[in-house]
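Have a look at the structure below before the remarks.
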Amino acid sequence: LNTIKITLIRPSTITTAGAVGEDAAPPLGLAYIASMCRSAGFQVQIIDALGEALDEYKRIPDLETGMRHGLSDEQTIKLIDPDAAVIGVSCMFSLEWPFVKQLIKSIKGAFPDKKIVVGGEHITAIPKYSLLDCPEIDYAVLGEGERTFIDIMYALSKNKRVSAINGVAYIDKITGEFRKGNEAPRVREIK
């Protein structure tokens, strides 16, 4: 059994009053990652901040029609297992980035010793910007995250370097330079 405990978070979503659409789709990407991690012997907690509070909408100050759908950042952070060594956060849409960034900053403030790994379409599209905009992030997973995330967990559990892993981007803590590994291969067979 691998000793690293992992918490994966799907943040609450951002919408507008009167928006037409449904943002309450299950976080399948996190489910895939959790399944792979559990199969490898890691203990995984999933926090679906939207799914935990489907009936909760709160106005966003300074955003006239903006609404947060799901748990507040404070409520989400209270659910994090304090024994988790790695906290993974998903950011699928760029319009949600300012709010996800604030959640990440709050998580790092509450758990300064935890590694924060972020993935999703926003991060994949603009990894350098995301990492520079939010220095609390330790690693960014680019593209399909299942294999890359599990490779990061193996490296961290064995105190090995993450820099050689395909599909990872990060800011070098010594030089301050943006680093990005080779593109991770796409998953071709889903079992």
Ranked by how many other beta carbons lie within 10 Å on average, peptides 12-19, 89-96 from highest | 89-96, 12-19
Mind grabbing the accessible area of K180 for me, 1.4 Å probe, Å², rounded to tens?
-> 130
With a ≥ b ≥ c the root eigenvalues of the C-alpha gyration tensor of the range 1-75, is it rounded (a/c under 1.5), prolate (a/b larger than b/c) or oblate?
-> prolate
Taking the Cβ of A169 as the centre, find all other residues whose Cβ is under 12 Å away and add up their charges (Lys, Arg: +1; Asp, Glu: -1).
-> -1
Alpha carbon centre of the range 1-80 versus the range 119-162: separation in Å?
-> 18
Once every Cα of the chain carries one equal point scatterer and solvent is ignored, give the base-10 log of I(q)/I(0) from the Debye formula at q = 0.12, 0.17 Å⁻¹, two decimals.
-> -0.56, -1.13
Would you list, by chain and number, the aspartates and glutamates whose Cα falls below 14 Å from the Cα of K114, excluding same-chain residues fewer than 8 positions away?
-> D81, D83, E136, D138
Residues of type lysines that K115 reaches as a straight line, Cα spacing below 23 Å, ignoring anything fewer than 8 places off in the same chain = K5, K78, K101, K105, K128, K158, K160, K173, K180
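The values are calculated or read from the model by the stated rules, or taken from the named source; none is laboratory data. Predicted model, so just to flag it, every value in this text is computed and none were measured. Positions of Cβ are backbone-derived with ideal geometry, glycine not excepted, and every protein chain shown enters the neighbour counts. To get the accessible areas, we keep the full protein, side chains included, count just its heavy atoms, and leave off ligands, DNA and RNA. Shrake-Rupley method; radii C 1.70, N 1.55, O 1.52, S 1.80 Å.
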